[in-house]
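What follows is a single structure, written as structure tokens, with notes after it.
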């Protein structure tokens, strides 16, 4: 009941904000700055609470360099549909800043699906590797079906919007292929107008809400959550590493981090696959 009330409140605030911006476009920068400031305070409060409860702190602003090929499982939506949010675990159905930096128990990490089976990755691969035109991909078809059902997939409400987004994806692919993968903060500093750039000069929006975002399951597996366009492109281009943030950790994994941080569990005593885990190595130094 508490979750439902909170979700409802957040939805009302977002709807009201959008309505105000549509009616008075000049207030958009002010409202976004206010929103981002509140988001930053919420994330920082979550990190402080975690620091007080655990030996190993969390930092959702920190960037990790991860091989895209190592990110294989996803807890996020796979297909586009009017009710796609139902396929996302309950803790993650709000904007990222509501849970960034959290340590969560429960079974949210149990329903894992291969990222390679997602409609975005399948369609990107068909388009960029096999030359399939966007209108013939599953992604394009699902976008149109979702629009017909009253949804706004990819932020699109018309077929023309979908065409525009596909063009932006082409530009993003070409940019990363020619110039390399850049962090959100690097894009901001360079002034480059890159597709899907968040375009708001705020540390929060350039990391927690802009980079490829992962969670860590109970066994330490890196699970994809957000940034599917960039991850799909990074995989298709065979990039060696991309910057990612870790938004949430399972409580069982956090317990391992805490023991490593205190020295109770030496890193060398863990299974080989964990001894070089990016979420552990710095704790043992």
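What distance in nm separates the simple spin-label points at residue 281 and residue 148, each placed 7 Å from Cα in the Cβ direction?
Here the modelled spin labels are 5.0 nm apart.
Arrange the following residues from fewest to most other Cβ atoms within 10 Å of their Cβ: 120, 248.
Result, fewest neighbours first: 120, 248.
Any chance you could run the full-extension gain for residue 69 through residue 88? It's 0.36 nm times the residue separation minus the Cα-Cα distance, nm to one decimal.
4.6 nm
P(r) for segment 37-114, please, calculated from all Cα pair distances in 5 Å bins and given in %.
The percentages, shortest bin first, are 3, 13, 18, 20, 22, 16, 7, 1, 0.
Which value in Å does the Kirkwood hydrodynamic radius of segment 226-285 take, with 1/r averaged over all unlike C-alpha pairs and then inverted?
13.4
Can you work out the FRET efficiency for the pair residue 160 and residue 186, with r the C-beta to C-beta distance and R0 = 30 Å, to the nearest 0.05?
0.45
When the expected Rg is taken as 2.2 N^0.38 Å, what fraction or multiple of it is the alpha-carbon Rg of segment 103-170?
With N residues counted in segment 103-170, Rg over 2.2 N^0.38 Å equals 1.34.
Using 0.36 nm times the number of residues separating residue 104 and residue 269, minus their current alpha carbon distance, what extension gain do you get?
56.9 nm
If r is the Cβ-Cβ distance from residue 111 to residue 26 and R0 is 35 Å, what FRET efficiency results, to the nearest 0.05?
So the FRET efficiency works out to roughly 0.20.
Here, each number is a calculation from the coordinates, and none is a lab measurement. Remember, it's a predicted structure, so these values are computed and weren't measured experimentally. Please note: Cβ atoms are built from the backbone with ideal geometry, for glycine as well, and neighbour counts cover all protein chains shown.
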